[in-house]
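FYI, it's all coordinate maths here, none of it is from the lab. Just so it is clear, the structure is predicted and the values come from calculations on it, not from any experiment. For neighbour counting, all protein chains shown are included, and Cβ atoms are generated from backbone atoms with ideal geometry for every residue, glycine included.
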There are 2 protein chains.
Amino acid sequence: MRISELSATSGVPIPTIKYYLREGLLPQGEHTGATRAEYGDTHLRRLRLIRALLEVGRLPVAAIGKIVAAVEDEETPVHRMLGTAHYALSPPVETDPADEVYGAARERVDRLIDGLGWQVTRGAPTRDELAQVLMRLEQLGRAADEDELRHYAETVMGLVAAYEMGKVPMDGPREVAVESLVVGTVLYGKVFDVLRRIAHESASARLLGIPPEPDA
Amino acid sequence: MRISELSATSGVPIPTIKYYLREGLLPQGEHTGATRAEYGDTHLRRLRLIRALLEVGRLPVAAIGKIVAAVEDEETPVHRMLGTAHYALSPPVETDPADEVYGAARERVDRLIDGLGWQVTRGAPTRDELAQVLMRLEQLGRAADEDELRHYAETVMGLVAAYEMGKVPMDGPREVAVESLVVGTVLYGKVFDVLRRIAHESASARLLGIPPEPDA
C-alpha cells in the first residue's frame, strides 16, 4: 500500500509516519519508483507498537528507538527483547552505592527475591526501584515487615502467572509480543492500582460502620 | 516552641513555614508578643501531614488546602475526611456522559462493585478512572473478562483488608489518620506495582526456559 493508505488504515497522520521513517523507528518501504514506496503489514504492526509505547507506555522516542532495535535484531532472544521494553517502563532510580541505608534496603530486596526463588537478573532496575520505596516507607516510620512483603509478592505472582503472562503471544511476530507486554504491564498495573483504592474506600466504610448510600 | 525551633525539629525551612501560615495550611501560633508566636505539637503534626501530601502524594497546594480544611472541621466525619484525601489522590478523569462506549464501561464498573458487595459511593472518581482503563483495554483489543476482573478485585481486597486498612490509626489525632492513609495508599501502591513488574520478569524467564544467571 501507499503511504496515504498506510496512514488511513493506521490512523497515524502522514507527517508523523515520515518522522518515524526519518528516526528509524519505522523501516523504509519498498521503493517502487523515485518518489514511491510500498508499505505492508510489517509497517502496520510497527505503527501499532510505536503508538502503544508512546500513548500507553508514555515512553520517550529515544527509549522507543532502543526497543525497536531489539525487536528488529533477530539475534536478540525474545526474553531479552521483552526485558528491554520492560525495563524502559521503569523510571530511572538514582542510587548512591555508598549510602548504607540504601544498601540495607537493596539487600532486603535481594533477600526477598532469592527467598521467593524468582528468576530476576541482579541488574534489574526494578530491584532498585523497590529498594527506594522500602527506604521511603522506613523513613516515614512505616517500615514494611518481611513476611508481609513476601505475602504481597506471592499474591501478585499468583495473578501475573494466572492471568497476565499467558496473554503475551510468544510465538507470533516479535513486535506483537512486545506490544502486548507493554499494554498489559501498563494498563493492568492501572487496573490494579484503581481497584486497590476502591477497595480502601469500601474497607474504610465498613471499618467505621458507615451506613450505605440510599439507592437513587 | 519558637518558629526557629519548629523549623529545626520538623526540618522545614522557616520561609516555607511562613508560606504555609499565609496559605492557611498551618494554623497560626499563639501570639506571645508583637512579633513572637508559640508553636506546639499540633503544628509539628500538621507539618508532617503537609510534607506527606506534597512529597509522597505529589498533591498541588490547592488540594492540600481542601484536605486540611476537612481535617480541621471536627464536624466532618472521619470517613468523609479520609475520602477527601483519598479522592484527591485520584487523577481527574474527563468523561463525556453522552459517550456510549464510556457509558458501557462505567456500567461494567458499577456492576462489578455491586457484585462484590463493596461499599463505594456512586460519585467516587475511582469508578470513572477504572471505566477509562477498561475502555482503553477494549480499544486495544485486550478487553478484560468479567470473572478475571472480579478475581483481581477480590485478591486486592484480601491484601487491603489484611494488611493496609488496619494500619490507619483511627482513634488518634485526625491528621495522623490522614497522613497514614496517604502514605499507605501511595507507597504501598508503588510496592504493588514494582512487585508486579518483578514477577513479570521471573514468569517470562520461566515460560521461555531461560537459564538462571550464574552466581557472581
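Computed quantities for the displayed model
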| item | result |
| --- | --- |
| Cβ-placed point charges (K, R +1; D, E -1), dipole of the protein assembly as shown about Cα centre in debye, nearest 20 | 820 debye |
| Sequence of B:S180, A:S90 once ranked by neighbouring C-beta atoms within 10 Å, starting from the fewest | A:S90, B:S180 |
| Estimated [θ] at 222 nm from DSSP helical runs (n ≥ 4, -39500 (n - 2.57)) normalised by residues in chain B, nearest 500 | -20000 deg cm²/dmol |
| Cα centroid separation - the range B:55-78 against the range A:156-200, whole Å | 34 Å |
| In sequence order, calculated HN-Hα J values of the range B:13-21 (Karplus, 6.51, -1.76, 1.60; Hz; x Gly/Pro) | x, 4, x, 5, 4, 5, 4, 4, 5 |
| Sequence-distant lysines (8 or more away, or on other chains) whose Cα lies within less than 25 Å of A:K66 | A:K18, A:K167, A:K190 |
| Mean separation of Cα contacts under 8 Å (6+ apart) over length of the range B:3-88, as relative contact order % | 21 percent |
| Quarter of Cα convex hull surface for the range B:31-82, i.e. mean projection, nm² | 4.8 nm² |
| Alpha carbon convex hull of the protein assembly as shown, volume per residue in cubic angstrom | 186 Å³ |
| Two-site label geometry, A:E107 and A:E55: point separation in nm, points 7 Å out along Cα→Cβ | 4.8 nm |
| The range A:83-149, relative contact order [Cα under 8 Å, separation at least 6], % | 36 percent |
| Loop sites in the range A:39-102: GluC sites (Glu not before Pro), DSSP, at most 10 other Cβ within 10 Å | A:E74, A:E75, A:E94 |
| Trypsin sites (Lys or Arg not before Pro) restricted to DSSP loop in the range A:51-86 with at most 15 other C-beta within 10 Å | A:R58 |
| Average Cα contact separation per residue, chain A, under 8 Å, 6 or more apart, as relative contact order % | 19 percent |
| Using alpha carbons only: equivalent-ellipsoid semi-axes of the range A:27-145, gyration tensor based, whole Å | 41, 15, 11 |
| Under-5 Å amide H pairs with A:A37, H placed in peptide plane, nonlocal only | A:I3, A:T32 |
